[in-house]
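This report concerns only the one structure given below.
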């Protein structure tokens, strides 16, 4: 893959991250682009599934077609095949012909039954706890030549960089949502504490002790107890507000 083509594809991947509302949505777009890229290089119809491995557990998360999703998930269910092997070795793995390769007989029968004759698994390096792989499927044997594999590796390098960015953005968004929820619950508890202080003419420390004891006695989370108290003293729903 030449430098110009590489830069152009990375820009497209970056735009896909911006346009996606979730990691799974981005991976769906990525699989479509990967299938199109290799189909053009091989001059043959190629489909693509994406496998994401986290904490040593693998799952199919996206595909360029329904068949790619099915074939990738069958590999996960059997626990054998070129995509999973590529994740183990972190190297491209080619299944050139399902009729002659002896390595994964059960999976190859399923591939043949679904009209697939050859497969290429290409890993994406992410970090120590997670990795991903592109699973390419072709309806003809011998499609994955050295040229096609090199193109797939070049694309995988770009896709890995883009996926690392997408995962970091998703983690940051999840953290922000968790912090927002924590702040909201903390505010509800503080407001409920104020209600108890007013009703019992006690200190904040004493009011918090009352709430904690009631929470334990009722086997109810403190934030849920606080919400109940606030609903009893307010005619409408109580909401919290944070300025950016």
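If you go through region 97-114 and keep only what is outside any loop (DSSP other than H, G, I, E, B), surrounded by fewer than 14 Cβ atoms within 10 Å (Cβ to Cβ) and touching a residue at least 12 places away in the same chain (Cβ under 8 Å), you end up with 106, 112. Of all the criteria given as (1) touching a helix residue (DSSP H, G or I) at 6+ places or on another chain (Cβ under 8 Å); (2) within 20 Å of residue 80 (Cβ to Cβ), the one not satisfied by residue 118 is (1). Being outside any strand (DSSP E or B) and touching a helix residue (DSSP H, G or I) at 6+ places or on another chain (Cβ under 8 Å), is that true of even one residue in region 123-135? No, that holds for no residue. In region 186-197, is there at least one residue being at pLDDT below 80, outside any loop (DSSP other than H, G, I, E, B), in contact with a strand residue (DSSP E or B) (Cβ under 7 Å, 6 or more places away or on another chain) and surrounded by 13 or more Cβ atoms within 10 Å (Cβ to Cβ)? For region 186-197, residues at pLDDT below 80, outside any loop (DSSP other than H, G, I, E, B), in contact with a strand residue (DSSP E or B) (Cβ under 7 Å, 6 or more places away or on another chain) and surrounded by 13 or more Cβ atoms within 10 Å (Cβ to Cβ): absent.
The values are calculated or read from the model by the stated rules, or taken from the named source; none is laboratory data. A quick note: this is a predicted structure, and the numbers were derived from the prediction, not measured. Counting neighbours? That spans all protein chains shown, and the Cβs are built from the backbone with ideal geometry, glycine included.
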